[in-house]
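Below is one structure, written out as structure tokens; comments come after it.
FYI, it's all coordinate maths here, none of it is from the lab. None of the values given here were measured: they were computed from a predicted structure. Don't worry about glycine lacking a Cβ; one is built from the backbone with ideal geometry, like all the others, and counts go over all protein chains shown.
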Amino acid sequence: MALAIRLLCALKAAALFSVRRPEEAAILLLAALLALTFWRLEREKGHAAELATKLEGLPPDTKQVVTIYRDRVVTKWRDGPTKVEYRDRYLPPEGHVEIVTKVDQPEKQPEVVIKDRGFTSRLGGGIVYAGEPLPLIDLKWTYWRRYSLTVGMTPRFGGLGLSRHIDDFTPFTNLEVVGLGGLDWRGELRFGLGIRINF
């Protein structure tokens, strides 16, 4: 309830600012729209490059091609004389790609192994809201695609967290949404929601 009241107060302050100072409000609105347009343009250029990687064919003497584009691994292989198939998979920042070739079977295609789950030890930090904004320091210890489990601590409480990379709909590749739950220093259950980055 307190969060809703603060949100309504912030909206009221923004409305009063735009009524009292319309020129400055218009400039801020135009700057925000320009930044949003630039972000959309960069995102669409990235999608166009990724789509071109998927659609371009294979040279006649090539059986398989693996392309890593930002956080995507695109594997294309020949299936018959003219048919080319592809597979597109997400590669988390913690993961990696291995190409395994068969030395004793040269006619077989190399196997592409994408490690998108496992254990890690990445220190991170951010801000969570648990009745008040609190600084957070945490350790990511396991991951599965865009999701991760963390152990974190704030000045008021500590506990386990669940985070998710939000690079699929924002321009930030190192930013994650995190939910943290645990006990405060008096033994009461607390929960916070916020953002984190990896150091």
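As a proxy for reagent exposure, Val128, Val66, Val100 were ordered by neighbouring Cβ count within 10 angstrom, fewest first; the result is Val100, Val66, Val128.
Electrostatic bookkeeping for Lys63 treats Lys and Arg as +1 and Asp and Glu as -1; over the other residues with beta carbon under 13 Å from its beta carbon, the sum is 0.
Relative to the longest principal axis of the Cα atoms of the chain, helix 2-20 runs at roughly 80 degrees.
Computed packing ranks the peptides 120-127, 153-160, 167-174 as 153-160, 120-127, 167-174, most packed first, by mean other Cβ atoms within 10 Å. Under the criterion of Cα pairs below 8 Å and six or more residues apart, the relative contact order for the chain equals 12 percent. Computed about its Cα centre, the charge dipole of the chain is approximately 360 debye, with only Lys, Arg, Asp and Glu carrying charge at their Cβ.
Which is the longest stretch in the chain that no exposed loop site breaks, taking sites as GluC sites (Glu not before Pro) with a DSSP loop state and at most 14 other Cβ atoms within 10 Å? With GluC sites (Glu not before Pro) excluded where exposed in loops, the chain gives 108-187 as its longest stretch.
Among residues other than Leu193 whose Cβ falls under 13 Å from its Cβ, what is the net charge (Lys/Arg +1, Asp/Glu -1)? That sum, taken over residues with Cβ under 13 Å, equals +1. Calculated over the range 2-45, the projected area of the Cα convex hull averaged across directions stands at 3.9 nm².
Normalised radius of gyration (Cα atoms, divided by 2.2 N^0.38 Å) for the chain: 1.42. Computed over the range 56-115, the alpha-carbon pair-distance distribution with 10 angstrom bins reads 21, 49, 27, 3, each value a whole percent.
Here each label is just a point 7 Å from Cα along the line to Cβ, and for Val177 and Leu29 those points are 2.7 nm apart.
For the pair Leu189 and Thr82, label points projected 7 Å from Cα toward Cβ lie 6.3 nm apart. Structure note, pairs Lys45/Lys115; Lys45/Lys140; Lys63/Lys102; Lys115/Lys140; Lys76/Lys115: Cα-Cα distances above 22 angstrom occur for Lys45/Lys115; Lys45/Lys140. As an exercise, identify the chymotrypsin sites (Phe, Trp or Tyr not before Pro) in the range 56-116 lying in DSSP coil whose Cβ has no more than 13 other Cβ atoms within 10 Å. Within the range 56-116, no chymotrypsin sites (Phe, Trp or Tyr not before Pro) qualify (loop, at most 13 other Cβ atoms within 10 Å).
The stretch between Lys108 and Trp141, if pulled fully straight at 0.36 nm per residue, gains 8.3 nm over its current Cα-Cα span.
Each of Leu136, Leu183 has some number of other Cβ atoms within 10 Å of its Cβ, and from fewest to most they run Leu183, Leu136.
If you line up the long axis of helix 22-55 against the longest principal axis of the chain, both from Cα atoms, how many degrees apart are they, to the nearest 10? Once rounded, the angle reads 20 degrees.
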